[in-house]
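Novice: Input: one structure, supplied below.
The values are calculated or read from the model by the stated rules, or taken from the named source; none is laboratory data. From a predicted model like this one, the values you see are computed outputs, not experimental measurements. Because the Cβ atoms are built from the backbone with ideal geometry, glycine has one as well, and the counts that use them run over all protein chains shown. For accessibility, only protein heavy atoms count, side chains too; no ligands or nucleic acids. Shrake-Rupley method; radii C 1.70, N 1.55, O 1.52, S 1.80 Å.
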Amino acid sequence: STFYSNLSKPSFTLPSVFFSIFWIIIFILICITILIVSSKESIFKNKDYFYSLLSVYFSIYAFNIMFWVLKSPIFGLILSICTFITSIIFYKETKRIINKSSLLLLPFILQTIYAVILSGFIFFMNF
């Protein structure tokens, strides 16, 4: 998009193709984690797990709308922080149920840390 290409970005910004690859891998790992957890217990009956999963989904979705559709770096920064927080909560809820499957969420947490840092730099470099 011309919006993103026109923004000033820090030197540690990865090429756009890497984001697509990373998110595909991350979503596959999240799906595997959900399958492992659901084999042990119903994710719909465990309200804490279910709500943490929904929170992750909605924060990612809201980031995409606010940053890419509405072209708002400040909302992108705020929602990347929300995504980081919900990823930690989702990790803790998964770890409480099956410790080993929570390890599959570590790349997601690392990606959200990167997203917060990148969003912060993009916001402060452009506004």
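Novice: When semi-axes √(5λ) of the Cα gyration tensor in Å is calculated directly from the model, which label among [x] 24, 15, 13; [y] 21, 17, 13; [z] 29, 14, 12 fits?
Specialist: Correct label is [z].
Novice: Is it possible to state the helix-based mean residue ellipticity at 222 nm for the chain, with each DSSP H run of 4+ residues giving -39500 (n - 2.57), the sum divided by total residues, to the nearest 500 deg cm²/dmol? What is it?
Specialist: -25500 deg cm²/dmol
Novice: Simple spin-label model, 7 Å along Cα-to-Cβ: residue 18 to residue 110 in nm?
Specialist: In this crude label model, residue 18 to residue 110 measures out at 1.2 nm.
Novice: Here's another thing I want to ask about it. Counting only protein heavy atoms and a 1.4 Å probe, tell me what percentage of the chain's accessible area is made up of carbon and sulfur.
Specialist: About 74 percent, which is the carbon plus sulfur part of the accessible surface.
Novice: So, for the chain, what is the accessible surface per residue at a probe of 1.4 Å, expressed in square angstrom?
Specialist: Per residue, the chain has an accessible area of 59 Å².
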